[in-house]
Structures are given as structure tokens and as C-alpha cells.
Amino acid sequence: MKTLLLTVAALLVARQAGADPLRLRADAFASAQSPVGLLILQAEDSQRDWLDAEALVWTGVTELDDSGTGDALVVTLRARDPKGRGEARVGRFLVASGAIMPRHIDGVSARGRLSSGSELEVFGGLPVVPRFGVDAYSWLLGMRISHRLSEGAAAGLSFVHERERGFIADEEVGFDVALAPSKWLDIAARAALDLVDDPGISEARVSAAARKQAWRFEAFGTRRSPSRLLPATSLFSALGDVPSDEIGVGARWRAAPRLDLWSSVAYRRVEELATSMMDAGIAGVNGYELRLRSALRLDDKGKGVVAFEINRQGLDAYSSWTGLRTTTRLPVTTRLLLASEFELVVPDHSHGRGAVWPWGLVALQWQASSEWEAAAAVEGRASPESTSAVSALLRVARRWGAP
Amino acid sequence: MVRRVLLLVCGGLALAACAHILGFRASAPQPFAHRAHLLQGVSCMKCHRGIERAGDDSSLHLPGTTDCVGCHVKPHDTRECTSCHGLPLTIEGAVQAKEYLRFSHASHAPKVKGNCVRCHPEVAHDGRMLRPTMASCFGCHAHEDQFRVRDCQGCHVDLPAEMTPPQSHLVHDGDFLSEHGVRAAAASDLCATCHSQRFCAGCHGKSVAVLPETLLFDQVTRAGVHRAGFRSRHAEEARAQAGLCTTCHNQSSCQSCHDAKGIAATVDSSRSPHPPGWLGAPGQSNEHGRAAWRNPAECASCHGGAGEMLCVQCHREGAVGGSPHPPGWTSRRSKVELPCLLCHGGAQ
């Protein structure tokens, strides 16, 4: 019922949306299994440019039981100081602050900036329960304080405390840093520490990217502790710290004016118990991932593209596969576009789920005007789930106001 | 001999075709020869007539054939000069800048004393994109303060609609999809100057109706985690990168789908996803323990919530399964809190 009311309210607002500065986009997406409607509303007040609103509401039929459902993903009102000293947001929105994991909340957030280069952000509210559900005594509070160390360097410290039905679900402290020591080099790192069980890293990532003319290089490293990423109220969070690590390098080379080549290789190590839970020993499984990709633009603007990709993932009998993928995008006319995507995945061990998993899609996109757009596709696949399946996809979009 | 010549001709043709496809084309439109004109001492204003008086809402002042023939009195071609001299891409960049930037040449020309190269240094190298970078603007203007507080509207009319990828900060190049998390950690407010809430919530929201790569199925070159036949290989991907799925998905994401399709041990079905030897008495083959340690999030995706009682049956205090805690396990939680009370509080 709430979904229906929200949808009707959004549609009523849409009737006004032709007038600047309101913007509305409505998408109707239909697949053979599950039709979905999306309404996106963005509103700005030209007289009061310090105030704006945004909403994304969807409604549809679930693939699983054909029942009607829907939700509001974003309903938010934002006010900001015209001089940029701060801003506040209220409603349903996503908080992504520093090193702690993004959180979807019904609540408020506020950010204040000092001329010294320091910033303080605080947020709090109720964690979103899908489909307008309610969890009594579930709430979270968090903050991030950051400081600009120089023109190209900033560091921040964040904290979040979350309760689920009154019980502690998460408590994390995070650290993030971003450095741009020169025009061609960017370095960023973040780490989040779980404070509930055996304080330790729940997730950390470091990335350094350098670019020079036709080349770009990246080196990265990640550590994740799956049990610490789960809410502390989950029984599986009591299994302790068994981290998964990844380090790798990647490069992009503009080999010709219209040809880009990418490659990346990563080494992975997944910790696991040696024999049984009674043993203290922890062993690891070593693996790798290799990706090679090329993209050839068929015109200077890149409207037409042919791309080819090879993926190889090796770890153990349950997670090793090789994949080939090709994509094409061809403008037929200025308003009509033909696109296709094909993938062939060969698992090292099929375990009775089929030796090859092909997947393919052919789509047509028609830009009828600056306001109307339509796309249709046929998708086919053979997967571990079914030996063959074909779906039809359709999307119609209408925009009001600016694009 | 004839065969060799034929091979040579074919090879040459193939090479030429490849070069053409790759963008190496002598006959294709070239960037306008600004440098040659500069070296000849031609003033910018001679071709871009009136640009020095152009305000924010005036025209682009791009030169046409009539401007060229003032000097080049005998054109070598009857077509419009701009059809070969100058790139459509460069002109489109200028058109986009006109539409989305608040800028007045009239107020800038006197300050640089007619030296356009000061802001447009790329003309000295016959560059493809002549729009000044933000760093060029910052060279004179003290916009650093506005940049710090993300007050972009002084120059940018509408950044989300402009969709110009940043060139000098947070460059969206390479595999930016996997990088974006660590890059955004220290600059989420900078990301928000272009990307609205719905952009982030489209993937990270709790109840995403349809993933962006599924909704925009016709944008096949768009980067995405779940592209193409991801559904077929999702189990392999999840196992190889333990914990990755949990950074976006909540623990019950998988359960509804697996339950409905009967691919779960929690339903009365022969299509359990678990291999033989998964569950056994102590001392026997017992793979589930290793798997749970390796990626507890994978177990929680189906056995979370009420499904946890399946584990509690064997692993509760004093039961046959033994303690699932690792050696030296400590926690600040009380045994009457969830989930401790499930095994330690006699709640089973």
C-alpha cells in the first residue's frame, strides 16, 4: 500500500515536472520474468539553489512468486550553505563516509567544513529494511572527521556504531587517506577495523595509479575478513578472522588512436582451516586472476565499439574458470543503435552443472527524441541452472526537464 | 614472382585497412593547425572574430570558410574548410563548454592581454581538446577554496547533466569500478558533485529493483560487476573472493532466490548446492566446517536468520559438533546477546 501511495505521489509530482527546475525520469523495464517500473525524480529550486530533493521509487512483480512489490530507494531533501560551509540531508539515502561500509538509512546526515581544512560529518538513523519493513530498536550512529594535509593530501577517521533489535550489530573504526603527490600519481588507502570481536581488520584496500600519456598503471592490494563484514548479530560472525588477500597490478595502453588495451593480474590467497575445527592450524589456498581486454572504437567519438575480453580465474576445484567475452556497439542510424554481447564460460570442474556456460544478448536501442528512448533485447543462455533459456527484455524511458 | 607481388599488395592493403580502422588516417580530419598560424603571427581574434567581446550567452565565434579565404585566397578545395581542417570532436567540446560552463571571454581577454594561449596551451601543440583544464583556471583564479568546499556552481551550470569525466582529479580510467571505493573514501563529497544519491543506491541500496547493468542492457560497454552471464558463474566468483559480495549484499540476498528455485539445503529438494561429504559425524568427511571458515558470508546468505538454528543444533554448548570458535577466541559481547545466547543461553 505504501508503495502504491509513493508511486501515485511521484506520478502527481511528475505532472508538474515539465516546468524547470524539476526533472523526472520514468523507466519501465520488462523482462519475461519480472517487469519493473522505476520513477526517478530530481528537483532543484532555481530561486533557492541551496535546496534540492531527489527520489527513486520502484514498483514491479518479483520473479520468484509473481507477487507485486516495490520500494523507495531514495527519498531525500538536501540543504547546503551557499558558501559551502556545510550541508544537511534528511530522508532515505546512502551514507558512504570514509572507510566504513556504505549504509542505507532512514535518517539525517550533516557535514560542516572549517576554513582550516578540517571537516566533520555526522549521521544517524534507522537502517533501511527492504519493502518498508520495520526493525524495532535497530539504529546506527556514525561520524567522520577529516583534515586536508596539503593541496593534494587528505586523511580521515571514521566511526560507526550499529544496533540490531537492541543488540550490537557492528562497531567499526575506519581510516582513509588520499594523496596526489604529482599530476600523474594518485594514491589512496582505507582500512576498517572491527571492534566487536577480537579487534582486527574487517576490510582494507590500497591503490596507487600512475598515468603517463598513452599509459596508465595501477597497483592494488585488498584484505577482507568475511566474518567481520557480517553483522555481529549473525552466528557466522563468531567463526573468527579468516582473511582473504589480493594483490595485483593492471595497465591500460592506448595502442592506437582508436585502440585501447587493458590487462590485469592478481594473486589471491584465501585462508581456511587445515583439517577440522578442532585443529589450530590455518592453511591457505592460493589463486590468481588474469584479465586481458581490448576495445576498438569504430569512430572518433567512440559511438561504435568492438571489444574482446579474456578472463581466467584459478583457485580451486570449486572456483576456477576461463571466460571469453565479446561486445559490439554499432550505430545503425543517428537514432538507432545495435548492440550485442556474448560470453562463453568454461569451468575447470563442472560438478554436473554443464561443461560450458554460454550467454548472449542482442539489443536494439532507439532514441526517438531527447525525451523518449526505447530498447529491446533477446537474451539466451545455458547455465548450471538450466540447459537453455531465452528471455526478452524491453525498456521504455521518458524524461521531463533537463536530461 | 606474380604470387609475391600479389601477396605484397594484399599485405599492404590489409595493413592500410588496419591502420585506417585503428585511427591512423592521413586523409581523416586533423586537428586544426593552430600552431602554424601562431608561428605566422596570426592573431586568434583575426579568425575568431569578436571573441574578445563575447559574453556568457553569446555565440561560439568559430571561424568558417569566409574567414579562411581572407588570407587563403586560392582554396585548394571547394568544400567547407572545416570539413577537413579541425576535428568535429574539438567543436563538440566547445559546444559542450558553452552549454555547461558560465564563462565570459569578454572579461578574460583584457586580463590576458589577448594572449589566448595562456588559457588554451593546447593550441601550441595542435591538440584535439582545446578546452582549458580546471588546473589552468586555478592558475589565476583562487578557486581552490570553492573546489575544497565543492561549490562548483560558480562555473559549472549543471555537473550531473554535463557528465564530463574529470581530467585532473579522480580520473575515471582503467578499472575504475574496482577502484572507486577506495578513491571515494576520502572524497565522497567530491563524487556527489556529479553523482546523485540514486547513482550510488542503484547498486548499494538495500532493495535494488533491477541492477543498472540489467536495466541498461543495451549499454554493453558499460562497466559492471554483474555483467553478461554473471548468474551462471556467481558461485565461482563468490568463492574466489571471499567477502566481496558482503560489501554490497546483505546476508539474506541469496536466500530468497535459492529457496524459490529449490537450490538450497533448507528446502525439501534434491538440488542441494552442497557436494557429497558436506556434513558428517565428527571424524568423518566434514567439508562444511572448512567452507564456513573460508567464507562464512556464503553460508549466511542462505542459513542466516532463522536458518542459524540448523548450526545451533550441533554446535551449541556441549553438543556433538564442538565449538565453532577459533582458538583464542574473545568477544566483548555478553552471552545473553545475539548471537551468543543461541548456543550459550539455552535458547535452543
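The values are calculated or read from the model by the stated rules, or taken from the named source; none is laboratory data. What you are looking at is a predicted structure, and each value in this text was computed from that prediction instead of being measured. We place every Cβ from the backbone using ideal geometry, glycine too, and count neighbours over all the protein chains shown.
A:V346 - would you say it is farther than 21 Å from B:E236 by Cβ, among the aliphatic types (A, V, I, L, M) and assigned to a strand (DSSP E or B)? Taking the combined requirement at face value, the residue does not satisfy it. Among the candidates A:S264, A:S237, the residue that is out of contact with any Phe, Trp or Tyr (no Cβ under 6 Å at 6 or more places or on another chain), part of a strand (DSSP E or B) and polar (S, T, N, Q) is uniquely A:S264. Has the stretch B:84-100 got at least one residue that is touching a strand residue (DSSP E or B) at 6+ places or on another chain (Cβ under 7 Å), modelled with pLDDT of 80 or more and assigned to a helix (DSSP H, G or I)? Yes, the stretch B:84-100 contains a residue that is touching a strand residue (DSSP E or B) at 6+ places or on another chain (Cβ under 7 Å), modelled with pLDDT of 80 or more and assigned to a helix (DSSP H, G or I).
So, of the residues in the stretch A:105-144 that are assigned to a strand (DSSP E or B) and in contact with a Pro (Cβ under 7 Å, 6 or more places away or on another chain), which turns out to be farthest from A:A192 (Cα to Cα)?
Filtering the stretch A:105-144 for residues that are assigned to a strand (DSSP E or B) and in contact with a Pro (Cβ under 7 Å, 6 or more places away or on another chain), the one farthest from A:A192 (Cα to Cα) comes out as A:I105.
Going through (1) crowded, with 16+ Cβ neighbours inside 10 Å; (2) modelled with pLDDT under 95; (3) farther than 20 Å from A:A43 by Cβ; (4) within 11 Å of chain B (Cβ to nearest Cβ) one by one, A:A72 falls short only on (3).
When the stretch A:372-403 is filtered for residues that are assigned to a loop (DSSP other than H, G, I, E, B), under 24 Å from A:A355 (Cβ atoms) and among the hydrophobic types (A, V, I, L, M, F, W, C), only A:A382 remains. Across the stretch B:292-328, the number of residues qualifying as assigned to a loop (DSSP other than H, G, I, E, B), among the small types (G, A, S) and at the interface with chain A (Cβ under 9 Å from one of its Cβ atoms) comes to 5.
Matching residues to (1) more than 7 Å from chain A (Cβ to nearest Cβ); (2) closer than 30 Å to B:R118 by Cα; (3) under 16 Å from the mean Cα position of the chain (by Cα); (4) among the aromatic types (F, W, Y):
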residue	(1), (2), (3), (4)
B:L170	yes, yes, yes, no
B:A185	no, no, yes, no
B:S196	no, no, yes, no
B:R222	yes, no, yes, no
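Using the structure shown, decide if B:R4 is surrounded by 10 or more Cβ atoms within 10 Å (Cβ to Cβ), modelled with pLDDT of 80 or more, on the phi < 0 side of the Ramachandran plot and of a type in the set (D, E, K, R). No: the conditions fail for B:R4.
Is at least one residue of the stretch A:246-256 of a type in the set (D, E), at the interface with another protein chain (Cβ under 10 Å from one of its Cβ atoms), part of a strand (DSSP E or B) and within 22 Å of the chain's Cα centre (by Cα)?
Applying the first criterion (of a type in the set (D, E)) to the stretch A:246-256 yields A:246.
Applying the additional criterion that residues be at the interface with another protein chain (Cβ under 10 Å from one of its Cβ atoms) yields A:246.
Now narrow it down to the ones that are part of a strand (DSSP E or B): A:246.
Adding the requirement that they be within 22 Å of the chain's Cα centre (by Cα) leaves A:246.
Taking every residue of the stretch A:246-256 in turn, at least one turns out to be of a type in the set (D, E), at the interface with another protein chain (Cβ under 10 Å from one of its Cβ atoms), part of a strand (DSSP E or B) and within 22 Å of the chain's Cα centre (by Cα).
Which one of A:S207, A:S227, A:S158, A:S202 is at pLDDT below 90 and at negative phi? Let's see the steps before the verdict.
Numbers: A:S207 fails: at pLDDT below 90; A:S158 fails: at pLDDT below 90; A:S202 fails: at pLDDT below 90.
On inspection, the qualifying residue turns out to be A:S227.
Condition check for A:A219 on (1) facing chain B (nearest Cβ under 9 Å); (2) surrounded by fewer than 21 Cβ atoms within 10 Å (Cβ to Cβ): one failure, at (1).
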